[in-house]
Structure formats: C-alpha cells, structure tokens
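Here's the structure, in structure tokens; my notes come after.
The values are calculated or read from the model by the stated rules, or taken from the named source; none is laboratory data. Only a predicted model underlies this, so the values are computations on that prediction, with no experimental measurement involved. Note that we place each Cβ from the backbone using ideal geometry, even for glycine, and neighbour counts take in every protein chain shown. All accessible areas refer to the heavy atoms of the entire protein, side chains included, with ligands and DNA or RNA removed. Shrake-Rupley method; radii C 1.70, N 1.55, O 1.52, S 1.80 Å.
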Amino acid sequence: DGGITQSPKYLFRKEGQNVTLSCEQNLNHDAMYWYRQDPGQGLRLIYYSQIVNDFQKGDIAEGYSVSREKKESFPLTVTSAQKNPTAFYLCASSPGQGAYQPQHFGDGTRLSIL
Amino acid sequence: EDKVVQSPLSLVVHEGDTVTLNCSYEVTNFRSLLWYKQEKKAPTFLFMLTSSGIEKKSGRLSSILDKKELFSILNITATQTGDSAIYLCAVGLLSYGKLTFGQGTILTVHP
C-alpha cells in the first residue's frame, strides 16, 4: 500500500547530540514537508521541498537541517543547536504544492530529551 | 504575518449533539482552506475549499468557506465517540507551496 513511513516512532536525544528522523514515501509525490507539533500550538512548518535537491526554510527552521537527495526520502536532522527539541514531528507529502493539493501525513516521531 | 485562528480551542459534547468548529484567517494571496482530523497520530484529510458558499459534505461532516468574511466552519451532526479528535484548519497561499495551520480544536464526545 502507498503511504508515508516515519521512523523511529519514539526517539530520545542526549544533550549536545544530533539525531536524524527518517521520512520515506512511495506515493510518487514531488513535495515533502516537516512539521513540529507542540500541545496547544497546532502544526508549525520546519522545512519543505518541492523537488529533489531543493528545499526551503519554513517558519521555525533554526536548529534543524534537511536533505532531499531522492524523491522518496526527506530526512530531518535535529541538531544540538535546537534547545527545545521535545515535540511530535510529522512528515507530509503532496503531489504538488500544498496550496493546490492536500498533504498526506505519516504517523509521526515523538522526540524527547534524556 | 499570515494568521489562522481556530475556535473554540476545546469542546466537550455528548453523543448525538451537533457541533460547529470555526476557522478564521488573515493571509495574503489566499488559495485554499483545508480541514484535517487528527486522532492519535497522522492527521487525515477531510475537505479542501477554494470557492465561497459551496458546501462540501461527507456523511455527517460538512464545511463551507466565506472568502468575504475570511472564515470557514466545520459542522458535525449526530456526533459519535469516534469523532473525538483534534480538528485542524490550514490555509494554502498562492505564492508558496506551504500550508499555515491553526492551533486546532480538541473535540471530546462523551457517550
């Protein structure tokens, strides 16, 4: 079945450590997105990519980095510069730009600090 | 700055009640408004609205957009416990591919 797979489901980070969250889609979608969800704040956009080898910063990109080397993969690295990384991270994809096509979401990764 | 505001932030009802969730927005270059339902994990798509006054329906759920007054409502009739979830509203802009989300409304339906 087509869909978006995020891994791991739960992740713990030590102080000063970089961690990478995986997002893979087999929907053949061009655009992919990373969101952070905190209680009471809805979804906030971290990074998005509309095509392979290209990506743009969202509203809260500081302390995060991404790559888009393959159409089906859009990993997110949470760096040690992100001082408050505890949150629920959601990856999404859409056939084209999100304003024109609904985005489909993965099941998320919950990141906590040890 | 683009802004999407949902109200109420939380709502508790009993099975069989009808609820109305609100989403207002202040954005430049509006293109679309989307509603999602989020239970435990992945938000699932409900509706995408681009034209004023045209109601979209799916079973007990319906939604309408007012582009003059800059808001949308999501109605759920004859609520069931399975409707308990966070309902998210998002706005898409012409000039960018991204969506801007509201804070979400937490709906709890008691038996």
Restricting segment B:3-14 to residues that are open to solvent by 90 Å² or more (accessible area, probe 1.4 Å) and modelled with pLDDT of 95 or more, the residue that is nearest to the chain's Cα centre (by Cα): B:Leu9
A:Ser80 of a type in the set (S, T, N, Q), surrounded by fewer than 17 Cβ atoms within 10 Å (Cβ to Cβ), touching a Gly at 6+ places or on another chain (Cβ under 8 Å) and at pLDDT below 95: yes
Considering residues of segment A:77-114 that are at the interface with chain B (Cβ under 10 Å from one of its Cβ atoms) and of a type in the set (Gly, Ala, Ser) only, the residue farthest from B:Leu99 (Cα to Cα): A:Gly108
Test: A:Phe74 is buried (at least 20 other Cβ atoms within 10 Å of the Cβ), more than 23 Å from A:Lys14 (Cβ to Cβ) and away from every other protein chain (no Cβ under 12 Å): yes
Residue pairs meeting the criteria (Cβ under 7 Å; at least 6 apart or on separate chains; first facing another protein chain (nearest Cβ under 10 Å) and farther than 16 Å from A:Lys83 by Cα, in segment A:41-70; second of a type in the set (Val, Ile, Thr) and surrounded by fewer than 20 Cβ atoms within 10 Å (Cβ to Cβ)): A:Arg44/A:Ile60
Out of A:Tyr33, A:Tyr48, A:Tyr64, A:Tyr10, sole residue that is surrounded by fewer than 19 Cβ atoms within 10 Å (Cβ to Cβ) and not basic (Lys, Arg): A:Tyr10
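Being at the interface with chain A (Cβ under 10 Å from one of its Cβ atoms), outside any strand (DSSP E or B), out of contact with any strand residue (DSSP E or B) (no Cβ under 7 Å at 6 or more places or on another chain) and surrounded by fewer than 19 Cβ atoms within 10 Å (Cβ to Cβ): is that true of B:Lys40 here? Explain how you work it out, then say what you get.
Numbers: at the interface with chain A (Cβ under 10 Å from one of its Cβ atoms): yes; outside any strand (DSSP E or B): yes; out of contact with any strand residue (DSSP E or B) (no Cβ under 7 Å at 6 or more places or on another chain): yes; surrounded by fewer than 19 Cβ atoms within 10 Å (Cβ to Cβ): yes.
Yes.
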Test: B:Leu33 is away from chain A (no Cβ under 13 Å), touching a Ser or Thr at 6+ places or on another chain (Cβ under 7 Å), assigned to a strand (DSSP E or B) and not charged (D, E, K, R): no
Test for B:Lys57: is it of a type in the set (Lys, Arg), out of contact with any Phe, Trp or Tyr (no Cβ under 7 Å at 6 or more places or on another chain), part of a loop (DSSP other than H, G, I, E, B) and surrounded by fewer than 20 Cβ atoms within 10 Å (Cβ to Cβ): no
Meets criteria (within 14 Å of A:Thr109 (Cβ to Cβ) and basic (Lys, Arg)) for A:Lys57: no
Contacts under 7 angstrom Cβ, first residue in segment B:55-82 being modelled with pLDDT of 95 or more, partner surrounded by 15 or more Cβ atoms within 10 Å (Cβ to Cβ) and among the basic types (Lys, Arg), 6 or more apart: B:Ser62/B:Lys56; B:Ser63/B:Lys56
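Can you tell me which residue is modelled with the highest pLDDT among those in segment A:83-94 that are open to solvent by 50 Å² or more (accessible area, probe 1.4 Å) and polar (S, T, N, Q)?
Within segment A:83-94, the first condition is being open to solvent by 50 Å² or more (accessible area, probe 1.4 Å), and the residues that meet it are A:83-84, A:86.
Still in the running and polar (S, T, N, Q): A:84, A:86.
Working: A:Asn84: 91, A:Thr86: 94.
Per the criteria, the residue is A:Thr86.
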Tally, over segment B:68-111, of residues that are in a loop (DSSP other than H, G, I, E, B) and within 14 Å of chain A (Cβ to nearest Cβ): 8
